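Notes for the one structure printed next.
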Ligand code: MG
């Protein structure tokens, strides 16, 4: 694969529903609603995985982790660990990741450090490589109406060895 540095972008959105735990960045966050989806619906990790796959030009998350019984209810940290293996096999290492979580509620600031630590552990990197920012929907659209959480992520990879 060419390039000393490679950049990738990822996006994901999941609906917020009652009766589901809210898991973001591999951290279970106490909240009245949670994200619905085939796996644990961790939109933050899904966006990050798509960014990593994009940097490697390896397609998207749905291709590698389809909605099969194997991945039903799966912890997305497991998916992130598998993607980390693809990065390593391709001969690259993460320089940094920057993520924007679009959520009207709950407040994510108290959970940011734990999310960065959990993601970093799954990737085998230092937590300081992982930036997680939160923003609100200001009442607009599905995010603002508390019907969904959307996440954007960008990563930079550097060739190693
Ligand atoms: Mg997803």
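Readers should treat all values here as calculations from the given coordinates under stated rules, not as data from a laboratory. All values derive from a computational prediction rather than experimental measurement. We place every Cβ from the backbone using ideal geometry, glycine too, and count neighbours over all the protein chains shown.
Here are the numbers for the structure shown:
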quantity	calculated
Semi-axes of the equivalent ellipsoid for the range 115-160, Cα gyration tensor, largest first, Å	29, 12, 8
Rounded to 10°, Cα long-axis angle of helix 76-89 versus longest principal axis of the chain	20 degrees
Angle between the chain longest axis and helix 112-123 axis [Cα atoms, degrees, rounded to 10]	40 degrees
Backbone N under 18 Å from the residue 72 label point (7 Å along Cα→Cβ), restricted to the range 30-54	36-42
Sequence of 7, 87 once ranked by neighbouring C-beta atoms within 10 Å, starting from the fewest	7, 87
Estimated FRET transfer efficiency (residue 31, residue 86; beta-carbon r; R0 25 Å; 0.05)	0.20
Label-point separation, residue 64 to residue 38 (7 Å along Cα→Cβ), nm	1.5 nm
Potential lengthening between residue 158 and residue 145 on full extension [0.36 nm per residue; Cα-Cα distance subtracted]	0.8 nm
Cα-only Debye scattering, the range 5-159: base-10 log of I(q)/I(0) at q = 0.12, 0.13 Å⁻¹	-0.45, -0.53
Length gained when the stretch residue 109-residue 121 is fully extended (0.36 nm per residue, less Cα-Cα span)	2.4 nm
MRE, 222 nm, helices only [DSSP H, n ≥ 4, -39500 (n - 2.57), over the chain, to nearest 500]	-8500 deg cm²/dmol
Extension gain (nm, one decimal) between residue 135 and residue 57, 0.36 nm per residue minus Cα-Cα	25.2 nm
